1. Do we find that Glu114 is touching a residue at least 60 places away in the same chain (Cβ under 8 Å) and over 18 Å from the mean Cα position of the chain (by Cα) in this structure?
2. Restricting to segment 207-229, name every residue that is in contact with a strand residue (DSSP E or B) (Cβ under 7 Å, 6 or more places away or on another chain) and within 17 Å of Val185 (Cα to Cα).
3. Within the group Glu132, Glu54, Glu64, Glu105, which residue is in a helix (DSSP H, G or I), loosely packed, with under 14 Cβ neighbours inside 10 Å and of a type outside the set (Lys, Arg)?
4. Taking the condition of being farther than 19 Å from Met36 by Cα and part of a helix (DSSP H, G or I), how many residues in segment 185-220 meet it?
5. Residues of segment 72-86 being more than 30 Å from Leu214 (Cα to Cα), at pLDDT 90 or above and not in a strand (DSSP E or B), which ones?
6. For residues in segment 179-201 being away from the ligand (no atom under 15 Å from the Cβ) and touching a residue at least 60 places away in the same chain (Cβ under 8 Å), which is surrounded by the most Cβ atoms within 10 Å (Cβ to Cβ)?
Amino acid sequence: MATKESVQDVALRPRRVKRSSGFVEEVFEIIRADIMSLRIPPDTRISIDNLARELGVSQTPIREALSMLEAIGLVTRRRFAGYCSAPQLNTRQLDELYELRLLIEPYAAARAAERMSAAQLEQIRELARTMEPGESRTSYDRFAVQDSELHDLIAGASGNHLIQDSLARLHAHLHIFRLRFHSDVTIEACSEHAALIDALTRRSPLEAEAAMRLHIEKSYKRMIPFAQD
Ligand SMILES: [Zn+2]
């Protein structure tokens, strides 16, 4: 018997999906790590059959994971070709991304230094402590995700939700880290984070702003040689 979904059911749906999607989440994370580490090269057709065989699962979780990856821009769906890994950012797209980050993030860091609660500061420090530079594919993917969380926490600590939302929508870290798979990227980022977190801990808006600006500028210099024209 078909039942009609009420407005309330629809509102509750994302929460239900989330609870039952641990398995899909795992498949999602494996494919994301493959894309982030370039094991699946950019702009390449992704075979659902092959992935299902390789991971020993049916096609359904693969399809679900791929549509989750499509939502964050790592996968595109093309007519006749099916799912493909997204092309890498070109120079112009990378320039635009960093230009926007430089407008938003140093400002957010300054406001966070002034406004964040002790609990927010502790959360930021705790996350930074768990970020270890690594050389494996999964550790690189994990670092990219944690880096994105760290910047999200600082944006959130600015107290301006619009700033936090605008930054989150860029999925900047996933696209940036995908340009270059190298442990130098994570080692350098870690030492820049340390300076940033120091300034936040001292609650110095000027120093936090400068440290965030420097971190973003250095990140740009690390990545720009790898962007396509
Ligand atoms: Zn960072």
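1. yes
2. So in segment 207-229, the residues in contact with a strand residue (DSSP E or B) (Cβ under 7 Å, 6 or more places away or on another chain) come out as 227-229.
Passing the criteria: only Ala227.
3. Glu54
4. Taking segment 185-220 and keeping what is farther than 19 Å from Met36 by Cα, we get 191-218.
In the following step, the residues that additionally are part of a helix (DSSP H, G or I) were identified as 191-201, 205-218.
So the answer is 25.
5. none
6. Phe181
Yes/no per residue for (1) in contact with a strand residue (DSSP E or B) (Cβ under 7 Å, 6 or more places away or on another chain); (2) within 18 Å of Arg213 (Cβ to Cβ); (3) at pLDDT 95 or above:
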residue	(1), (2), (3)
Gln88	yes, no, no
Leu94	no, yes, no
Leu103	no, yes, yes
Leu127	no, no, yes
Ser139	no, no, no
Val145	no, no, no
Ile154	no, yes, yes
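Conditions tested, residue by residue: (1) assigned to a helix (DSSP H, G or I); (2) over 24 Å from Ser191 (Cβ atoms).
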position	(1), (2)
Gln88	no, yes
Ala119	yes, yes
Gln123	yes, no
Gly159	no, yes
His175	yes, no
Leu179	no, no
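The values are calculated or read from the model by the stated rules, or taken from the named source; none is laboratory data. Being a predicted model, the structure only gives us computed values, none of them experimental. Here the Cβ is made from the backbone with ideal geometry for all residues, glycine too, and neighbour counts use every protein chain on show.
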